[in-house]
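The values are calculated or read from the model by the stated rules, or taken from the named source; none is laboratory data. Every value quoted in this text rests on a predicted model; they were computed, and no experiment measured them. Virtual Cβ from ideal backbone geometry, glycine too; neighbours counted across all protein chains shown.
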């Protein structure tokens, strides 16, 4: 009889362990994702900046603000002969928070040819300040891999 009771309790224990494991994964996984979003956004900005450089080499100029980053994916009228894209393998025109990257040509805030930045987590255009992630800031969290701590069990 004792073995029969153990068998009935076993599925309950497995379900409890699975629920507990899922809860821990959600808590720590969400924390990790929160730390990786700025890093991933910076990496995407590097890809976009490189793609803009290649595009400029092909058509002789950067996209206008009206053409925007979409020109990396599709040619506009009159550029078909020079355009040799698409210049991005994946459509990464939005940052990790789902907001469109801000692109200014000519640059308004940096000494570079163009400004490219994300509004960051607060989703407000701080013109490259506060939590905005830009193509002109150096240091700080710029391209620093996130530090992840795991629970000590």
For segment 127-153, give me each residue that is modelled with pLDDT of 85 or more, assigned to a loop (DSSP other than H, G, I, E, B) and either more than 15 Å from residue 99 (Cβ to Cβ) or touching a helix residue (DSSP H, G or I) at 6+ places or on another chain (Cβ under 6 Å) (or both). 135, 136
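Yes or no: residue 71 at pLDDT 95 or above, more than 15 Å from the chain's Cα centre (by Cα) and farther than 21 Å from residue 130 by Cα?
Numbers: at pLDDT 95 or above: yes; more than 15 Å from the chain's Cα centre (by Cα): yes; farther than 21 Å from residue 130 by Cα: yes.
Considered against the rule, which asks whether it is at pLDDT 95 or above, more than 15 Å from the chain's Cα centre (by Cα) and farther than 21 Å from residue 130 by Cα, residue 71 comes out as yes.
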Qualifying residue in segment 27-36 (condition: assigned to a helix (DSSP H, G or I), surrounded by 13 or more Cβ atoms within 10 Å (Cβ to Cβ) and modelled with pLDDT of 65 or more): yes
Residue 63 versus (1) outside any loop (DSSP other than H, G, I, E, B); (2) buried (at least 18 other Cβ atoms within 10 Å of the Cβ); (3) touching a strand residue (DSSP E or B) at 6+ places or on another chain (Cβ under 8 Å): which is the lone unmet condition? (1)
Give segment 91-103 a look and list any residue that's without any contact (Cβ under 8 Å) to a residue 40 or more places away in the chain and within 15 Å of residue 137 (Cβ to Cβ), or say none. 102
Failed item in (1) under 21 Å from residue 95 (Cβ atoms); (2) at pLDDT 60 or above, with residue 61 passing the rest: (1)
Count, please, the residues in segment 114-126 that happen to be part of a loop (DSSP other than H, G, I, E, B) and either buried (at least 16 other Cβ atoms within 10 Å of the Cβ) or at pLDDT 95 or above (or both). 4
